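The block underneath contains the structure these notes are about, expressed in structure tokens.
Please treat every number below as a calculation from the coordinates, not as lab data. All values derive from a computational prediction rather than experimental measurement. Here the Cβ positions follow ideal geometry from the backbone for every residue, glycine too, while neighbour counts run over all protein chains shown.
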Amino acid sequence: MTIVMHDLAAADPALRFSPYCWRTRMALAHKGLGVETIPWRFTEKDALAFSGQGRVPVIRDGDRVVSDSWAIAEYLEDAYPDRPALFGGTTGRAHARFINAWADGVVLGGIARLIVRDLLDVVAPQDVVYFRESREARFGMTLEQVQAGRETRVVEFRAGLLPARLVLGRQPWLGGEAPSYADYILFGTLQWPRCVSRFDLLEADDPIAGWQERMLDLFDGLGRSAPRAG
Ligand SMILES: N[C@@H](CCC(=O)N[C@@H](CS)C(=O)NCC(=O)O)C(=O)O
């Protein structure tokens, strides 16, 4: 049975840019599970009422509804144990939880401060006011002020990716010899700016950029074929 997934979309319904939804898309592909994605906009809270909350990703698998990308990854791993493993056992799951916390607590915030104004140019018209007001309240300043000076600030952001750089300089994937959910967490996180902005977050000779290229080719180029803004 095909899994249905509510997926954040831009004004262009084909442009899917949520870092969390990208993690889930990659996890579903890793498990070899078919998915039908339903485009969802920030202000369409009613469309998610069935899930009891207002954020994506949300998946419906038969009569099971699961929201939150981490909870979805755990659900897929436990519901489909005969498919390729996302975590590689309880230790791998615990380590992936750390990567998830690092990506959510550090990397996403760093990226937001570099590209959040660019997002305003791609979100659906009905989301523009909501997006500006909710994010400006979060940052305590205008989106233009948040993003100002990014050409110099990006250096500090890149330095903060050192843990991933050190690992990917020594092994092809965060999962070791093969991609695992840890890879999908960081990849999804970076797929967000890649889809909505032309600002270069990574330098071309960064081992993380090389890994990102490999990630983009996985699953018949699922990530590479994704529409991008601009
Ligand atoms: N912890 C959640 C976060 C989900 C989340 O925040 N999704 C964003 C899209 S990237 C969202 O739905 N935001 C709705 C809003 O800002 O109103 C996860 O891992 O899935």
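Of the residues Arg138, Arg153, Arg97, which exhibits the maximal mean-square fluctuation in a Gaussian network model of the chain defined by a 10 Å Cα contact cut-off?
Arg138
If packing is taken as the average count of other Cβ atoms within 10 Å, what order do 215-221, 19-25 fall into, highest mean first? Provide the component values of the computation, followed by the final result.
Values: 215-221: 15.1, 19-25: 26.0.
Output ranking for 215-221, 19-25: 19-25, 215-221.
Taking the chain as a Gaussian network, where each spring joins two C-alpha atoms under 10 Å apart, which residue of Gly176, Gly140, Gly54 fluctuates the most?
Greatest mean-square fluctuation among the candidates belongs to Gly140.
At q = 0.10, 0.18 Å⁻¹, what base-10 log of I(q)/I(0) does the Debye formula yield for the stretch 82-203 when every alpha carbon is treated as an equal point scatterer in vacuo?
So the normalised log intensities are -0.38, -0.99.
Projected onto the charge dipole of the chain (+1 at Lys/Arg Cβ, -1 at Asp/Glu Cβ, origin at the Cα centre), which of Ala73, Val56, Ala159 gives the Cα projection farthest towards the positive end?
Ala159
Can you give the % of DSSP beta bridges in the chain that are antiparallel, to the nearest 5?
Numbers: 9 of 15 bridges.
Among the beta bridges of the chain, antiparallel pairing accounts for roughly 60 percent.
Expressed as a whole number of Å, what is the distance separating the alpha-carbon centroids of the stretch 45-67 and the stretch 146-168?
34
What is the dipole size for the stretch 97-203, taken about its Cα centre, with +1 at each Lys and Arg Cβ and -1 at each Asp and Glu Cβ, in debye to the nearest 20? Intermediate values should be presented prior to the final figure.
Numbers: 13 positive and 13 negative charges, 41 e Å.
My answer is approximately 200 debye.
Tell me, Kirkwood radius of the stretch 131-230 from alpha-carbon pair distances, in Å?
Details: mean 1/r = 0.0663 Å⁻¹.
The Cα-based Kirkwood calculation yields 15.1 Å.
If every alpha-carbon in the chain counts as one equal scatterer, what log10 I(q)/I(0) does Debye give at q = 0.08, 0.09, 0.18 1/Å?
The computed values of log10 I(q)/I(0) come out as -0.28, -0.36, -1.50.
Between Trp102, Trp192, Trp40, which gets the highest mean-square fluctuation from a Gaussian network model of the chain, Cα cutoff 10 Å?
Trp102
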